[in-house]
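K.L.:
Okay, here's the structure, questions in a sec.
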Amino acid sequence: HRTAEEDIQPAAIYTTLFDKTGEVIITGGDDGLVKLFHARTGNLVFALRGHDDEITDVVVSSDNRFIASSDLKGIVRVWRIRHTAYEPVAVIPHGRRVDFIRFTPAGGRGSDGGVQDLMLLT
């Protein structure tokens, strides 16, 4: 979900990365938001809501089609990256804290790089 910049308060950042194009910086922090910033200007582009706790990790799929994020409560959320929007596609309750998440390589299985290719590390 898109959030107006004026609704966003400063927060501690626990994880940060570039998307695969290098044009977007993605952060996750103690406010439970996944924030996307334009890399050249630093302007907030989107804030993805859904987590009720601190973000522990954020990752982008190798084809730059999905963002996944995890939190202290063990919830993993996956968004599909569109040109002008980020569509929520999955909520995965793990049941305990998730510290790291990774998209695994498709390995020629005909995978779309989606939820079935997400690895959780606790």
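Just so it is clear, none of the values below were taken in a lab; they were calculated from the coordinates. None of the values given here were measured: they were computed from a predicted structure. Using ideal geometry, Cβ is built from the backbone for each residue, glycine included, and neighbour counts are taken over all protein chains shown.
K.L.:
Select from region 52-87 the residues that are farther than 17 Å from Gly32 by Cα and of a type in the set (Gly, Ala, Ser) and write down the one among them that is surrounded by the fewest Cβ atoms within 10 Å (Cβ to Cβ).
P.N.:
Restricting to residues being farther than 17 Å from Gly32 by Cα and of a type in the set (Gly, Ala, Ser), the top hit is Ala85.
K.L.:
Checking Tyr14 against (1) within 16 Å of Asp99 (Cβ to Cβ); (2) under 11 Å from the mean Cα position of the chain (by Cα); (3) assigned to a strand (DSSP E or B): exactly one of these is not met. Which one?
P.N.:
(2)
K.L.:
Are there any pairs with C-beta distances below 8 angstrom linking a residue in region 16-45 that is in contact (Cβ under 8 Å) with a residue 12 or more places away in the chain to a residue that is basic (Lys, Arg) and not in a loop (DSSP other than H, G, I, E, B), with the two at least 6 apart or on different chains, and if so which?
P.N.:
Here the result reads Ile26/Lys35; Thr27/Lys35; Gly28/Lys35; Gly29/Lys35; Val34/Arg77; Leu44/Lys35, each pair linking region 16-45 to a residue that is basic (Lys, Arg) and not in a loop (DSSP other than H, G, I, E, B).
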